[in-house]
Amino acid sequence: MKVRIKFSKYSVMKYIGHLDIMRYFQKSMRRAGVDIAYSGGYSPHQIMSFAAPLGVGVESYGEYFDAEINSGHSNDIKNSLNEVMVKGIDILSVKLLPDNAQNAMASIAAALYYVSYKDDCNIKDYISEDDIVSLLKKESIFITKQTKKQEMEFDIRPHIYDIEIKDGFISLLVDASSAGNLKPLVVIRQLYENKNLEFNENQFKVIRIDMFTRIDEKLISLGDLGDEF
Amino acid sequence: MLLKDLNKENETKLALSDDILMNVEKCARYIGNEINSVVKNKNDIEIRFAMCFPDVYEIGMSHIGIQILYDMFNKYDDVWCERVYSPWTDLDLIMRERNIPLFALESQDPIKDFDFLGITIQYEMCYTNILQILDLAQIPLLAADRGDDMPIVIGGGPCAYNPEPICDFFDVFYIGEGEAVYRDFLDIYKECKANGESRREFLIKIAALGCFYVPSLYDVEYNDDNTIKSFKPNTAGVPEVVTKAIVKDMKNCDYPVKPVVPFIKCTQDRAVLEIQRGCIRGCRFCQAGELYRPVRERDVEDMKKKGLEILKNTGHEEISLSSLSSSDYSHLEELVDYLIDECSKNFINISLPSLRIDNYALDAFGKVQDVKKSSLTFAPEAGTQRMRNVINKGLTEEDILNGSRMAFERGWNKVKLYFMLGLPGETREDIEGIGVLCDKIAREFFDTVPKEERKNGPVQITASTSFFIPKPFTAFQWAPMNKRDEFLEKAYITRTSIISQLNQKRIKYNWHEADVSELEGVFARGDRRLNKVILNAYHKGCIYDAWGDMFDMDKWLCAFKEENVDMDFYTIRERSLDEILPWDFLDCGVNKEWLKKEWLNAKEGKVTPNCKVQCNGCGAAKYKTGICTGDGK
């Protein structure tokens, strides 16, 4: 059975990188006694795949991985996993996916981020509603991207889906597909540079709130697919 | 979801700011929060103990000794034991610049506020890291400079059996196994604290327990030739000889079933099951074999149970067995068969230790390893039987060739061999014997496996040599160590011998750097006069000396010169049997008379049988435990 597991990663766990998180979950499955399936071959491994890597330093309340399990129920799996979690990782949901469901990584279309200052500064003091409207009005926004061989011009506008300013933070809905992944701070940098404000990315805190797939032109949260079982 | 709600509930106190963590390598080294790490309320406990492995996190976390002590201490209701490791050089720099004191992982509190700082000393090349730990912790480097408000700095582990080169930096050394006497030690500490007694009074009291060495309570006098004239206590009630403490009832000795599981990849990333302590073999170069005598086995039923518990509590995908000579564990087959059975059900790998190569071992290896990829390992240590008899290594050429043949028949084609160069009495013929032996193994392969069956290609043999360093409490503690030039020449002879063999294309040769070996040799049998050299080298920036790319011999040579200490005095002399050795005041269970006998036996190439065959009267029988019976004759 294919299940999708949603988890959060916050507090000190934001300092643990993606590869280590994957290994952590492999061990967690064993500690929790989840009946996870193993691949065949000479060195069998757990059948588990993660939706998208999360950078070190970024907290998240919407991370996903898919796993192939042999038996179990949503609540039991969720509870037994939560019992063996460390502080800073919570299992938020365990849902059964239909057998033909696309795997997590391939299905990602977008991600929602909140960006704020790390300290007490309020981003609203720097960026206004109007700044956002004027950015979104642009038909194209070119940035230079450094690839291995050369510098390339890259239009980020089509990858920005929505920006909203809230009290104390900016909410960003951006492309998170493997082909068009856009880092939230790239957009924030544009907002600042448009106003000739100095931008230092170390001052900002980024939290990933959720990830979405596109079904019939609509963005649906990865966590809304599948059912409790 | 409101951002401010997210922020409030999710903050955890860290010693290092986000800014720093995001700019150092592998920041996960410094945040704690691992599975099975123990967090207590500091208001509910009386003693705070910081347990330190003086190397970087990934190395320290691979050490089972700290897991054992951590578990033991945290089982006491009145103690909270936390871990601390050497910060990597990038963080080290930042901590000095910003005056951030070294902190323990669990609480993130500065260790200078703790009651104890325990440092496990596993190898000589970590000595400058010990100073780094003290320095970053903002604890005075010299014990004599510390006030009673500083933590008591206690050293343990194999290097504590010659603590003299670092004795100025420690308040006390625990000689022996931590499980044995720490409870009494802590009770005395609490008593002294309650009575308002001074640090010195406490140290005198625990010295009287007999297994604690308090350097400040002993004085050394030297002869004109720099050998030791006398080594005596300077205070009443302090024993002349400090005797190691050991666990007498190993079968009922506790073992951690919830070891801390690191997030990042460490050198040893698996569950470890210690099956026994000590060794029966008595190889004359081996210090560990002497220090942990007498051999004591753990209970096999207990190990089976604990093995599974550890896997359940950690989620590790691999389990390994740990002991000095696993083939000698009387219930090895039972335990291995059990683990293979259990583990194969759950897709857990087993890493088998080096075993004597026989049918059973090959069967077992075949079940747990990919025969095509793994190698068979032998440690002959010397190239000829004569030399192997000198070092009392019981492995014969017949054993090696038979074992190899059996393995080749089952599809193995990779063989690893470990040797030492610079052993006492070594001749050119002995060294060349290495090449000859490798070639014989290759020939065995070609004789055993017909061309059509060489599915994995021809045999590949890797011979590795390290340089012999005489260690305290071995029969070779009087032996001269080779000079750097001699080592290099011997490596050259080995290489030449290998290249001249018929099957030289099948043999690869790896050899080690000589510089570090020389320094290790100095510290291994060093005395108090080395403290100032280590301090000097540390101030020159020497650190992480066990790391090849960080080790700087020039700085060390300069330190020796400035402090007017001659390295050769410690290494290349053959010591006289009457010389007072810096570690003579310690009793590791094995008596000096017996070691002298073994030294003479070595010179005659006489073999001493192992403890299972007969008791040779080394002295360990006085503990009346493990393999020893009788009254310690």
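We did not get these values from a lab; they are worked out from the coordinates using the rules stated. As the structure is a prediction and not an experimental result, all values here were calculated from the model. FYI the Cβ positions are ideal-geometry reconstructions off the backbone, even for glycines, and counts take in every protein chain you see.
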task: Taking the Cβ of B:Thr608 as the centre, find all other residues whose Cβ is under 10 Å away and add up their charges (Lys, Arg: +1; Asp, Glu: -1).
output: +3
- request: Work out, in µm²/s and without decimals, the Stokes-Einstein translational diffusion coefficient of the range A:12-90 at 20 °C, 1.002 mPa s, Rh from Kirkwood over C-alpha pairs.
  value: 159 µm²/s
field: Principal semi-axes in Å for the range B:1-149 [√(5λ), Cα gyration tensor, largest first]
entry: 25, 20, 16
- line: Counting other chain Cβ atoms within 10 Å of each Cβ in B:313-325 and taking the mean gives 2
field: Distance histogram for the range B:192-320 (every C-alpha pair counted, 5 angstrom bins, percent rounded to whole numbers)
entry: 2, 8, 12, 10, 12, 13, 13, 12, 10, 6, 2, 1, 0
message: Given the C-alpha atoms of the range B:84-212, compute the convex hull and give its volume per residue in Å³.
response: 116 Å³
task: Taking chain A as the reference, fit the longest principal axis to its C-alpha atoms, fit the long axis of helix A:184-194 to the helix C-alpha atoms, and give the angle between the two in degrees, 0 to 90, nearest 10.
output: 0 degrees
task: Find which of B:Ile499, B:Phe551, B:Leu586 sits farthest along the positive direction of the dipole of the range B:490-633, computed with +1 on the beta-carbon of Lys and Arg, -1 on that of Asp and Glu, about the Cα centre.
output: B:Ile499
field: Theoretical ellipticity at 222 nm over chain B - DSSP helices of four or more residues, -39500 (n - 2.57) apiece, nearest 500
entry: -10500 deg cm²/dmol
field: Positive-end residue of A:Asn196, A:Met29, A:Ser116, charge dipole of chain A with Cβ unit charges
entry: A:Met29
field: Neighbour-count ranking [beta-carbon atoms within 10 angstrom, fewest first] of A:Thr147, B:Thr625
entry: A:Thr147, B:Thr625
- request: Give me B:Asp254, B:Asp224 ranked fewest to most by other Cβ atoms within 10 Å of their Cβ, as a rough exposure proxy.
  value: B:Asp224, B:Asp254
field: Dipole moment magnitude, nearest 20 debye, the protein assembly as shown about Cα centre, only Lys, Arg, Asp, Glu C-beta charged
entry: 1920 debye
query: Given +1 on the Cβ of Lys and Arg, -1 on the Cβ of Asp and Glu, and no further charges, what dipole in debye does chain A carry about its Cα centre, rounded to the nearest 20?
result: 740 debye
field: Ellipsoid semi-axes in whole angstrom, largest first, where each is sqrt(5λ) of the Cα gyration tensor of the range A:110-188
entry: 24, 14, 13
- request: Report the FRET efficiency, 1/(1 + (r/R0)^6), for B:Arg98 and B:Asp78, where r is their Cβ-Cβ distance and R0 is 30 Å, rounded to 0.05.
  value: 0.30
query: Can you give the three extents of the C-alpha atoms in the range B:530-633 along their principal axes, from longest to shortest, in whole Å?
result: 53, 28, 26
- request: Report the dimensions of chain B along its three principal axes from the alpha-carbon atoms, largest first, rounded to Å.
  value: 76, 74, 52
field: Dipole magnitude of chain B, debye to nearest 20 (Cβ charges: Lys/Arg +1, Asp/Glu -1, about Cα centre)
entry: 1580 debye
- request: With springs only between Cα atoms under 10 Å apart, run a GNM on chain A and tell me which of A:Asn122, A:Asn79, A:Asn100 wobbles the most.
  value: A:Asn100
- prompt: In whole Å, what is the distance between the alpha-carbon centres of the range B:5-79 and the range A:101-160?
  reply: 37 Å
- request: Post the alpha-carbon centroid distance, the range B:92-144 to the range B:261-294, in whole angstrom.
  value: 26 Å
- request: Putting +1 on Lys and Arg Cβ atoms and -1 on Asp and Glu Cβ atoms, find which of B:Cys52, A:Ser39, B:Leu217 reaches farthest to the positive end of the dipole of the protein assembly as shown.
  value: A:Ser39
- prompt: Going by a ≥ b ≥ c, the root eigenvalues of the Cα gyration tensor, does the protein assembly as shown fall in the rounded group (a/c under 1.5), the prolate group (a/b larger than b/c) or the oblate group?
  reply: prolate
task: Find how many whole Å separate the alpha carbon centroid of the range B:590-611 from the alpha carbon centroid of the range B:468-546.
output: 24 Å
